[in-house]
Amino acid sequence: MQFDVAIIGAGVSGALTARELSRYNMQVALIEKGSDVAVGSTKANSAIVHAGFDAENGTLKAKLNVEGTALMPQVCKELNVPYKNIGSLVVAYSEKEMQTVQTLYERGVNNGVPDMRVIDKAELKELEPMISDLAVGALWAPSAGIVCPYELTIAAAVNAAENGVGFFRNCEVKGIEDDGEYFTLDTAQGEIKAKYVINAAGVYSDTVARMIGDDSFNIIPRKGEYYLLDKSECSKVKHTVFVCPTEMGKGILLSPTVDGNVLAGPTSIDIEEKDDVDTTAAGLKLVSDNAPKSIPTINLRNSITSFTGIRAHTDRKDNDFVIGQSEKNARFINVAGIESPGLSSAPAIGKYVADIVLSLFPCEKKADFNPERPAPVRFREMSTEERKALIEKDKRYGRIICRCETVTEGEIIDAIQGPVGAIDMDGVKRRTRAGMGRCQSGFCGSKVVEILARELGKNVNDITKYGGESKIIYERTK
Amino acid sequence: MLNYDLAVIGGGPAGMAAALEAKENGVEKIIILERAATLGGILEQCIHAGFGLHYFKEELSGPEYAYRFIEKVKATDIDVKVDTMVLTIEEGNKITATNNVDGLIEISAKAIVLAMGCRERPRGAINIAGSRCSGIMTAGTAQKYVNIDGYMPGHKIVILGSGDIGLIMARRMSLEGAKVQMVCELQPYSNGLTRNIVQCLDDMGIPLKLSCTVVATHGKERLEGVTIADVDEKLCPIPGTERFVECDTLLLSIGLIPENELTRMAGIDLDRVTNGAVVDEYRQTSKEGVFACGNVLQVHDLVDYVTIESKLAGKGAAKYIKGESEKGEYIETQGINGVRYIVPQKINSKTDDDVNLYFRVGSVYKGAKIVVTCGDKVILSKKRPRMCPSEMETVTIKKDVIESIPAGEKLTVRVEE
């Protein structure tokens, strides 16, 4: 199989880069080690579109964050992904912290963040009524927002696929050879050749870079643990609420999600293993001890799940994204060290990387590029009339499978049968929210297993949670 | 719009008993809306025996117990819609439901009985640290895989929580050839019925580890083991007591939560302890004409009590529909000093029958007394050899006593050691 460009890693950067390149007359492959797109760092983070005041002025992080955040509403509109421009607050609890707020404000202005203001306690209370009485003021950044990172990535992947990008999942890249014109990628699915390689392999981007002899950076995986709270908590948090950053990081934040839950976290701990997504008692305690400092009424007992995300932090001194042609090979482009604000920057990263590719490999735009991903059916958001019409068209939309999130059989079938469709339980969950609610798939799990098996023509005991040996059930009972 | 006298949401033991009782009390047009493919509710997957000892005075399996009611429902003109999910309850008792045969259904009913049952608390509710691999599920989910679908969800099992479902599944998985390593219980006492400890664990040689919990799960893809630890009197894991137990499956039996999403949507007052609606002696909620019964109201230990409670709701709904509800003042009930809650939370002073108060105690008591008072007056005092949180207690308050209670007074139940 021969391509012009092979992108390694189907996280948010890889998927949005693939989508950008699919605008042009070139053959693009997106190669992913995992069983689905968006299963690495992309899957688990704060789901925030940052305003852009965190990164130091003049860095790639600062530039791409502000640009990406500005692009996000349009990208989400085209891809039919829920995006909410709720704004963010950095809350200060002392006069000393107000100085930090002022510093962030000035940095934000220099970075080009629009419409920020330093606000006093009264205005803060008005914006965020449940905020702690100990708060003295805050930085208000109205351009910030929230988006679901895996939903954005899946939508970008689907759109890229519909515009001709080739997809390879369960396809780990084990080695790379270069003959000066073509790279040959030795993968779990055989050889894939490409003139250009984009290394968007997340926490494994250093491993992939070393395959062409580039050892200019190392990834130090950094763990962040979160609680996801029930929708009953969402009335308590209106905006993304940060505490003042310290040398230790941005601290524990509280934020609504686009689906109406509340996220609390993350911790920040450097770890040894790149796939260590275990939560820890100490980490979860740190979150539950600190989350109520901003919103004292927040009830961590209403947690429905907890999870760990891994950030692809590099050992580089400048602490910046590593994006650009490798010093070892000009046809090999690194997109590495994409930690926060990676999600916010992703739309801009896609364009930035596409520009690099086009500078090396000039290409015409496709006449028939379609920027839109059709909106999937979302039964739970429909009016009674819309529901009636939908079920009339196809009765399978009348059968509720996931009762907590009101997901129908029709939606689950769409998620499996569509482009870059779900092949396992977590894939269905991320595409439809089936199993993501209060009961965490207790009731619908076995029904989803059945539907997956039926639609994919597999045995029920071959259905997994997320590929590999993550089987749900074993053999038949006697 | 379909018009009914009574709409019953949920076709498990609670919903069926309420519908049948309403029918017997003269209600004409009744519909049962059930989200599963059959009537019977969770009883359909409870294939073990032990049901009906109180109500039928004989020992039945879950499906047998359900069958008796299903046959009775079939013999009436009660309409039943299965595979039907209720989406909303709106002002004026308007219900919207959906299924893949009729599509969207809109129903208007004079009265509604809520009988949606309960769900199991998932892993997230107690936040066990570790990996999110496969092989971690609630005991009830495993029960469905084994008993309904016919699949083994695992081979080497650890069960967390000694609630009845956990105990039943310890035996069930063993009988199917799995190795059940142990049942861990956070509390210093079991949360299941004594007969289940004896029959499901002792008889099967499965160890019960009290004051012990699972603190971490391990495994990149499928579960490979768990770390367990002893807990102190504050239920916190004791450092240094951690040990690894190999298993491919962790079953959770860590409590049940009444499924009151629809109740909340309808703006009905909920009790913070039971997580069910606040009701009167006929199980009428804070919304006139809306009743609740069974596990959606309070988690019961025995289906027999669900049936008894649901008949009250069915009778109450019938009285409401026929305009025969009592119009007296409400007397509040209150559990103090070891009594965690009481159902019903209020009693109509002009009730036409004796009233049973159902409640649970907060810890294990031996030889303690249950004392019911009204103001300074002791109404009732009964000695109990043993009381524990896992077994529901009941006392009966006579009709004439209720009538004699002055307006504004509370009925208080307490434990006296």
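The values are calculated or read from the model by the stated rules, or taken from the named source; none is laboratory data. None of the values given here were measured: they were computed from a predicted structure. Neighbour counts are summed over all protein chains in view; Cβ atoms, including those assigned to glycine, are modelled from backbone coordinates with ideal geometry. Accessible surface is based on the protein model in full, side chains and every heavy atom, while ligands, DNA and RNA are left aside. Shrake-Rupley method; radii C 1.70, N 1.55, O 1.52, S 1.80 Å.
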Inter-label distance, nm, simple model (7 Å from Cα along the C-beta direction), B:Glu71/B:Glu403: 4.0 nm
Reachable aspartates and glutamates, given that their alpha-carbon falls under 12 Å from the alpha-carbon of B:Lys382 and they are not under 8 places away in the same chain: B:Glu393, B:Glu416, B:Glu417
Fraction of the pair-distance distribution of the range A:6-90 above 22 Å, Cα-Cα pairs, percent: 37 percent
Threshold 30 Å², the range A:452-473 residues less accessible with all protein chains present than alone (1.4 Å probe): A:Val460, A:Lys465, A:Tyr466, A:Glu469, A:Ile472, A:Ile473
Linear extension gain, B:Leu235 paired with B:Asp203, 0.36 nm per residue minus alpha-carbon span: 8.7 nm
Rounded to whole Hz, the Karplus (6.51, -1.76, 1.60) HN-Hα couplings of the range B:25-34, x for glycine and proline: 8, x, 7, 8, 8, 10, 10, 10, 10, 10
Accessible surface of the protein assembly as shown, 1.4 Å probe, proportion on carbon and sulfur as whole %: 49 percent
Interchain or long-range residues, amide H under 5 Å from B:Val231's placed H: B:Cys212, B:Thr213, B:Ile238
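With both bridge residues required to lie in the range B:329-417, what share of the DSSP beta bridges run antiparallel, to the nearest 5%?
Numbers: 27 of 32 bridges.
Just about 85 percent of them are antiparallel.
Kirkwood hydrodynamic radius, computed over distinct alpha-carbon pairs, for the range A:312-376: how many Å, to one decimal? Could the numbers behind the result be given before it?
Working: mean 1/r = 0.0715 Å⁻¹.
The Cα-based Kirkwood calculation yields 14.0 Å.
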Accessible area buried, both sides summed, chains A and B with 1.4 Å probe, Å²: 4200 Å²
Phi-based couplings in Hz for the range B:160-176 (Karplus 6.51, -1.76, 1.60; Gly and Pro marked x): 9, x, 9, x, 4, 5, x, 5, 4, 6, 4, 5, 4, 5, 4, 4, 7
Linear extension gain, A:Glu172 paired with A:Asp462, 0.36 nm per residue minus alpha-carbon span: 102.3 nm
Under 5 Å, built H, 5+ apart or other chain: amide partners of A:Arg331: none
Largest to smallest principal axis extent of the C-alpha atoms in the range A:142-253, angstrom: 58, 38, 26
Selection from A:Ser22, B:Ser108, A:Thr69, by position along the positive dipole direction of the protein assembly as shown (Cβ): B:Ser108
Residues whose placed amide H lies under 5 Å from that of A:Tyr474, excluding near-sequence neighbours: B:Met152, B:Gly154
Kirkwood Rh and Cα Rg combined as Rg over Rh, evaluated for the range B:254-293: 0.96
Within the range B:42-136, GluC sites (Glu not before Pro) in DSSP loop having at most 12 other beta-carbon neighbours inside 10 Å: B:Glu58, B:Glu59, B:Glu91
Packing-based ranking, highest mean first, of B:292-300, A:78-86 given that Cβ atoms within 10 Å are counted: B:292-300, A:78-86
Under 14 Å from the B:Glu324 label point (7 Å along Cα→beta-carbon), backbone N, the range B:10-42: B:21-28
Of B:Lys81/B:Lys346; A:Lys236/B:Lys110; A:Lys458/B:Lys220, those spanning more than 26 Å from alpha-carbon to alpha-carbon: B:Lys81/B:Lys346; A:Lys236/B:Lys110
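Just how large is the dipole of the protein assembly as shown about the Cα centre, in debye to the nearest 20, putting +1 at every Lys and Arg Cβ and -1 at every Asp and Glu Cβ? Walk me through the intermediate numbers first.
Working: 107 positive and 123 negative charges, 229 e Å.
Its charge dipole is roughly 1100 debye.
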Cα-based helix-to-principal-axis angle, B:62-74 vs chain B, degrees rounded to 10: 30 degrees
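Taking 0.36 nm per residue of separation and subtracting the Cα-Cα distance, what length does fully extending B:Met265 through B:Lys29 add?
Numbers: separation 236, 0.36 × 236 = 84.96 nm, distance 2.48 nm.
Stretched fully, the B:Met265-B:Lys29 segment lengthens by 82.5 nm.
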Accessible surface, per residue, of the range A:139-276 when the full set of protein chains is kept, probe 1.4 Å, Å²: 34 Å²
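Quick check on chain A: take the gyration tensor over C-alpha atoms, sort the square-rooted eigenvalues as a ≥ b ≥ c, and tell me if it's rounded (a/c under 1.5), prolate or oblate. Walk me through the numbers before you get to the answer.
Details: a/c = 1.58, a/b = 1.10, b/c = 1.44.
Verdict is oblate for chain A.
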Area of A:Lys63 that stays accessible when all protein chains are in place (1.4 Å probe, Å², to 10): 90 Å²
Those Cys residues of chain A for which no other cysteine Cβ falls under 4.7 Å: A:Cys76, A:Cys148, A:Cys171, A:Cys234, A:Cys244, A:Cys363, A:Cys404, A:Cys439
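Between A:Asn80 and B:Arg272, what's the calculated FRET efficiency when r is the beta-carbon distance and R0 is 30 Å? Round to 0.05. Working shown, then result.
Details: r = 40 Å, r/R0 = 1.34.
For A:Asn80 and B:Arg272, the calculated efficiency is 0.15.
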Rg to Rh quotient for chain B, alpha carbon positions, Kirkwood Rh: 0.99
The range B:225-272 and the range B:140-188: distance between their alpha carbon centers, rounded to Å: 15 Å
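Let me confirm one metric for peptide B:150-158, namely the mean number of other chain beta-carbon atoms within 10 Å of its residues' beta-carbons. Walk me through the numbers before you get to the answer.
Details: counts 6, 10, 7, 7, 4, 2, 0, 0, 0.
That average works out to 4.
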Interface residues in the range A:349-398 - accessible area drops by 30 Å² or more relative to the isolated chain, probe 1.4 Å: A:Thr384, A:Arg387, A:Lys388, A:Ile391, A:Lys395, A:Gly398
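May I ask you to work out the translational diffusion coefficient for the range B:329-417 at 25 °C, viscosity 0.890 mPa s, via Stokes-Einstein with Rh from the Kirkwood sum over Cα pairs, reported in whole µm²/s? It would help to have the intermediate numbers written out before the result.
On the way: Rh = 13.1 Å.
For the chosen part, D equals 188 µm²/s.
Per residue of B:256-262, what is the mean number of Cβ atoms on other protein chains within 10 angstrom of that residue's Cβ? Provide the component values of the computation, followed by the final result.
Details: counts 0, 2, 0, 5, 0, 7, 0.
Taking the mean over all residues of the peptide, I get 2.
Taking the range B:81-164, how much of its Cα-Cα pair set, in percent, is spaced more than 15 angstrom apart? Walk me through the numbers before you get to the answer.
Working: 2516 of 3486 pairs.
Pairs farther apart than 15 Å: 72 percent.
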4 °C / 1.567 mPa s Stokes-Einstein diffusion coefficient of the protein assembly as shown, Kirkwood radius on C-alpha pairs, µm²/s: 44 µm²/s
Among beta bridges that DSSP assigns inside the range B:122-254, antiparallel share in %, nearest 5: 40 percent
Accessible-area value, B:Lys398, 1.4 Å probe, nucleic acids and ligands omitted, Å²: 110 Å²
Charge-dipole axis of the range B:329-417 as Lys and Arg at +1 and Asp and Glu at -1 on Cβ define it, positive-most pick from B:Ser381, B:Pro344, B:Thr333: B:Ser381
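Given +1 on the Cβ of Lys and Arg, -1 on the Cβ of Asp and Glu, and no further charges, what dipole in debye does chain A carry about its Cα centre, rounded to the nearest 20?
On the way: 58 positive and 66 negative charges, 302 e Å.
For this selection, approximately 1440 debye.
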Mean accessible surface per residue for the range B:122-254, computed with a 1.4 Å probe while every protein chain stays in place, in Å²: 35 Å²
Cα gyration tensor of the range A:5-53 - equivalent ellipsoid semi-axes, whole Å, descending: 22, 16, 6
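Once Rh is set to the Kirkwood radius over Cα pairs, what Stokes-Einstein translational diffusion coefficient, in µm²/s, holds for the range A:379-462 at a temperature of 4 °C and a viscosity of 1.567 mPa s?
Numbers: Rh = 12.8 Å.
For these conditions, the coefficient is 101 µm²/s.
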10 Å Cβ neighbours from other chains, averaged over peptide B:221-228: 2
Evaluated over the range B:122-254, the Cα radius of gyration and Dmax, each in Å: 13.6, 41
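Using the beta-carbon distance between A:Ser216 and B:Ser363 and R0 = 56 Å, what value does 1/(1 + (r/R0)^6) give for FRET efficiency, to the nearest 0.05?
Working: r = 63 Å, r/R0 = 1.13.
It comes out at approximately 0.35.
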The range A:302-415: C-alpha gyration tensor shape, a/c 1.5 cut-off, then a/b vs b/c: oblate
Selection from A:Ser94, A:Pro114, A:Val136, by position along the positive dipole direction of the range A:53-163 (Cβ): A:Pro114
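With every protein chain left in place, what is the accessible area per residue of the range A:342-478 in square angstrom, probe 1.4 Å?
Details: 5770 Å² over 137 residues.
Ligands and nucleic acids excluded, the result is 42 Å² per residue.
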Under the Karplus curve 6.51 cos²θ - 1.76 cosθ + 1.60, θ = phi - 60°, whole-Hz ³J(HN,Hα) for the range B:224-238, x wherever Gly or Pro sits: 10, x, 10, 9, 10, 8, 6, 10, 7, 5, 8, 6, 8, x, 8
Net dipole in debye of the range A:80-204 [+1 Lys, Arg Cβ; -1 Asp, Glu Cβ; about Cα centre; nearest 20]: 200 debye
Virtual paramagnetic centre 7 Å along Cα→Cβ of A:Met130, amide N under 19 Å, in the range A:274-310: A:287-306
Over 23 Å between alpha carbons, listed pairs A:Lys195/A:Lys274; A:Lys223/A:Lys285; A:Lys61/A:Lys351; B:Lys144/B:Lys315; A:Lys195/A:Lys351; A:Lys231/B:Lys144: A:Lys195/A:Lys274; B:Lys144/B:Lys315; A:Lys231/B:Lys144
